[in-house]
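The values are calculated or read from the model by the stated rules, or taken from the named source; none is laboratory data. Computed from a prediction, not measured in an experiment: that's the story for all the values here. Heads up, the Cβs are rebuilt from the backbone with ideal geometry, glycines too, and the neighbour counts pull from every protein chain shown. Only protein heavy atoms, including side chains, enter the accessible area calculation; ligands, DNA and RNA are left aside. Shrake-Rupley method; radii C 1.70, N 1.55, O 1.52, S 1.80 Å.
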Amino acid sequence: MIKIRRVLPSLFAASLLLCGSCLNAAAVAVSASVYEPPALEEAGSWTLVLLPDPQTYQKFARNQPIFELMTAWIADNIDRLNIKLVLCTGDLVEQSGILDPDGAVADQTGTQQWAAVSRAFERLDNRVPCILATGNHDYGVSNVNEARRTHFDEYFPPSRNHLTQKLLRKAGTDAQGNPSLSNAAYEFISPQGRKFLILSLEFAPREAALAWGAGVMGNPAYKDHTGLLLTHTYLDSQSEHIADEDYGLTDVNYGQAIWEKLVQPSTNIEMVLSGHIASPDNPREHLGFRLDKNAVGKTVNQMAFNAQAMGGGWYGNGGDGWLRILEFHPDGKTVTVRTFSPLFAISPTTQFLAWRSEPYDQFSFTLE
């Protein structure tokens, strides 16, 4: 019995090691046979990378390196994917002004969260233009309030990335009447010569901000441009325009109002990109997509993309590293959308998880 007691554990341990080795080898074999790194589908295409709400990456120190990995991956692939633009849907931080995190909901102060997201984008400064929206968590102490005060312009002034600054055409004002990139317009000319006017509007824009944006889009100088609206809250997970949310604001426009007052009347807006929506570990509840006709009959492609509660919910790893790769093809009108995680892609053990291939994660749409 003594011998048996000594031998069985060692045999059991050996079996476990063998099984673990087999499983690991199988995982590597699967990943090696399935995984392909991102590449352009067509020579001559260019790429827009869409980053979803980074807030859950920033509120925990342990998660911040994941978002830095994402921006480092973008920097590494600028040439390979011909990346010309990086856009972010807002909620850059979770608690903009918090001083006393409890360690459970967050372990980083507001200042630490802003410093972390700023540090991650430093990898892209002066390498690729980055246009960022502001979300509800970028205001107030831990969520938007009537004052709509944010530290956004302190950490992301026009001068920090000269490639972004070169595209800037108009800066609006914030709720305090100060010039702010929370409401801004950028002109971008694609490698195929298509002219884009990119309008970034604050979370649930005030009437003044919405009217300013409509004025910029309606400027005759931009009548032949393709309009792209970037704003934080617009579509829900059922791909419906968000009609209302309870944030205690009186001067506010959510998705339905933005559609009715800005997007639908516009003659040139063909794309709307947003974030905001989420449900723990449910990719479908982080997404929305719909097509509608504007006032002159052009199709408007409207997309919501987020990932903040993937990878463990509200207190998980921040979003499993998911981002979206939008490839604009040489025909000047076809756009292919793919959903990819640099976090999973970095190791052969997890590379087979690096692509999401459901129809709502991998599709294409057409510009006029």
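Descriptive notes on the structure:
- If the condition is being closer than 27 Å to residue 292 by Cα and in contact with a Leu (Cβ under 7 Å, 6 or more places away or on another chain), then segment 339-368 contributes 340, 360.
- Complete set of residues in segment 324-354 that are of a type in the set (A, V, I, L, M, F, W, C) and open to solvent by less than 70 Å² (accessible area, probe 1.4 Å): 325, 326, 328, 335, 337, 340, 343, 344, 345, 354
- Condition met for residue 145 (polar (S, T, N, Q) and more than 19 Å from the chain's Cα centre (by Cα)): yes
- Filter result for residue 288 (open to solvent by less than 50 Å² (accessible area, probe 1.4 Å), at pLDDT 95 or above, under 16 Å from the mean Cα position of the chain (by Cα) and not aliphatic (A, V, I, L, M)): yes
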